[in-house]
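Data block below; observations after.
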Amino acid sequence: MRLLSKPALQAVLSSQKTLSHEGSRPFWGWLNAVFNKVDYERIKAVGPDRAAAEWLTRCGAKVRFQGFDRWQHDYNGLPTGPLGRYKIQGIDATDSCIMYKGFDHLDGLEHVEELKLTKSMYIEDACLERISTIENLQASLYKMEVVSCGNVTDKGIIALHKLRSLEHLYLSDLPGVVEKEKTVERLQTALPGLDIELDLV
């Protein structure tokens with residue numbers, strides 16, 4: 001059975017005009033929560049990278065596996081092979097519906113070097129704090145972007161100081177970050193080698 005990812009499902013429902021504009025918001029909120037539910041048995045069965053790839057693509061994000069240049073965005077097109085063969089190296093959550101309740105999927109990932117959080121409506125301070133406490137990400141993540149996430153404040157950005165391997169951080173269009181000089185100073189103090197690129201008003 002083929003599973004529709006959120007973008008595919010949106011396209012189908014939009015073409016069929018099955019939902020009114022007013023009635024669609026509660027539906028999508030419910031569906032997004034379903035897409036973010038963590039199936040711990042699935043993680044045990046297929047491994048953390050495969051389970052995380054399924055979660056991410058189901059929510060409209062893209063993944064790049066170690067040794068590959070191509071980004072995978074189709075849930076049904078994820079590569080198959082021996083357990084543990086494909087390791088996630090990059091995550092692009094642009095316009096995705098990933099939310100905090102799904103972040104347990106990240107715990108077992110050991111090779112993630114790049115993370116993009118752009119126009120991700122459910123990304124908030126708690127998500128960044130959660131990312132910063134994951135030991136595997138502390139060791140592997142060296143490039144990160146947080147762009148146009150309206151629920152992120154100084155508190156969430158400051159939490160990233162725990163990502164000890166972080167080398168490049170791009171921050172843009174974050175209206176919730178109001179003390180940018182102070183926030184950047186705190187990050188630079190904790191991570192002297194961090195290159196921060198700012199595009200904040």
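Spatially, segment 49-66 and segment 153-184 are offset by 25 Å when compared through their Cα centroids.
Given a 1.4 Å probe and the protein chains as shown, Y170 ends up with an accessible area of around 60 Å². If you wrap segment 68-201 in the convex hull of its Cα atoms and look at it from every side, the mean projected area works out to 8.1 nm². Between E135, E185, E110, the GNM of the chain built on Cα springs shorter than 10 angstrom shows E185 fluctuating the most.
Available extension along the chain between E129 and D95 is 10.2 nm, counting 0.36 nm per residue and deducting the alpha carbon span. Seen from S172, the other residues with C-beta closer than 10 Å to its C-beta sum to a net charge of -4, counting Lys and Arg as +1 and Asp and Glu as -1. Counting Lys and Arg as +1 and Asp and Glu as -1 over every other residue whose Cβ lies under 14 Å from the Cβ of V46, the net charge comes to +2.
Taking 0.36 nm per residue of sequence separation and subtracting the Cα-Cα distance, how much length would be gained by fully extending the chain between D199 and A33, in nm to one decimal?
Answer, rounded to one decimal: 56.7 nm.
Ranked by solvent-accessible area (1.4 Å probe, protein heavy atoms only, all chains present), the residues M121, M99, M144 order from largest to smallest as M121, M99, M144. Looking at the chain, the DSSP beta bridges with both ends there are about 25 percent antiparallel. Once the chain from Q188 to N136 is taken as fully extended at 0.36 nm per residue, the excess over their C-alpha distance is 16.6 nm. Estimated from the Cβ-Cβ distance and a Förster radius of 35 angstrom, the FRET efficiency linking D69 and S172 is about 0.90. Over segment 153-201, the pair-distance histogram of Cα-Cα distances with 10 Å bins from zero comes to 27, 62, 10 percent, rounded to whole numbers. When the charge dipole of the chain is built from unit charges on Cβ atoms (+1 for Lys and Arg, -1 for Asp and Glu) and taken about the Cα centre, the candidate among L141, L166, A190 whose Cα reaches farthest toward its positive end is L141.
FRET efficiency for the N151 to L83 pair, using the beta carbon distance and R₀ = 41 Å, is estimated at 0.70. From the alpha carbon centroid of segment 187-201 to that of segment 86-127 is 20 Å.
How would I134, I196 line up by accessible area, probe 1.4 Å, largest first?
I196, I134
Comparing I91, I157, I43 in a Gaussian network model of the chain (Cα springs below 10 Å), the most mobile by mean-square fluctuation is I43.
Among P82, P48, P175, the residue with the largest mean-square fluctuation in a Gaussian network model of the chain, with springs joining Cα atoms closer than 10 Å, is P82.
The values are calculated or read from the model by the stated rules, or taken from the named source; none is laboratory data. Quantities reported herein were computed from a predicted structural model and do not represent experimental measurements. So basically every Cβ, Gly included, is an ideal-geometry build from the backbone, and we count neighbours across all protein chains shown. Ligands, DNA and RNA are excluded from the accessible area calculation, which covers all protein heavy atoms including side chains. Shrake-Rupley method; radii C 1.70, N 1.55, O 1.52, S 1.80 Å.
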